Structure formats: C-alpha cells, structure tokens
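> So that we are looking at the same thing, I have put the structure below in structure tokens.
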C-alpha cells in the first residue's frame, strides 16, 4: 500500500511512496478533471484558435502530473526548446484530450 508523503496545494499534486525489496518508488497523483473539461470546451468552441494569426496560440494545457510523465516515460522536458518537436508529436498522439484546439501543430527541424 502506498504511503502518503506530500501534497502541493498550489498544483494539486499528491506524492505517494512505495517501498519494496529495499527500493523506494514515488508516485504522483492529481485530479485533472477540471483541466480536461476546460480543454474540451476550448477545443469544441475554437476558443484558442484566434491567437494563431498573432503568433500566440494556446495549444494545450499540460497538468504537472503529465509534465512528469512526459519527462520520465518519454524523456521529454517541455521546458527545453529542443524537446518541443517531440513534445508536439507525443501530445498529438498520446494526449489529444489536453489540446485546446482541433488543429495540429508541428515543428520543422
């Protein structure tokens, strides 16, 4: 059974710990339902698409637990510019429900 370690009230992320065979494994949990409802509304109604013409576009809302998953599961640090091409590919493929638009963005390299 996981042991509670910490709760970050600012981000809503809970940290849990499991111990087995002398190893410790941390798990992160967050309720992202409100984020998913917001992105669905923005996507369906095209609410973020107006910024494309001004070179400012909210493409996706990425909760902290997904930022961690991208980092540890896919090796993507969304805060590094050279990781962005891969980030867009993975978001389009594996996390489309986080997108705030029906449009598809890619980066050329």
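> Can you give me the angle between helix 64-74 and the longest principal axis of the chain, using Cα atoms only, in degrees from 0 to 90, rounded to the nearest 10?
Orientation of helix 64-74: about 80 degrees from the principal axis.
> So, one more: How far is it, in nm, from the label point at residue 10 to the one at residue 33 when both lie 7 Å from their Cα along the line to the Cβ?
Simple spin-label model gives 2.6 nm for this pair.
> Of [x] 16.0; [y] 15.6; [z] 20.8, which is the value of Kirkwood radius over Cα pairs in Å derived from the coordinates here?
Structure-derived value, by its label: [y].
> Quick check on segment 53-102: what does the Kirkwood estimate of hydrodynamic radius come out to from the alpha carbon pairs, in Å?
When all Cα pairs of segment 53-102 are included, the Kirkwood radius is 11.3 Å.
> Based on the mean of other Cβ atoms within 10 Å per residue, sort peptides 67-75, 20-28 so the most packed one is first.
Peptide ranking by packing, descending: 67-75, 20-28.
Values in this text are rule-based calculations from the coordinates and carry no lab data. As the structure is a prediction and not an experimental result, all values here were calculated from the model. Glycine gets a Cβ as well: all are built from the backbone with ideal geometry, and neighbour counts include every protein chain shown.
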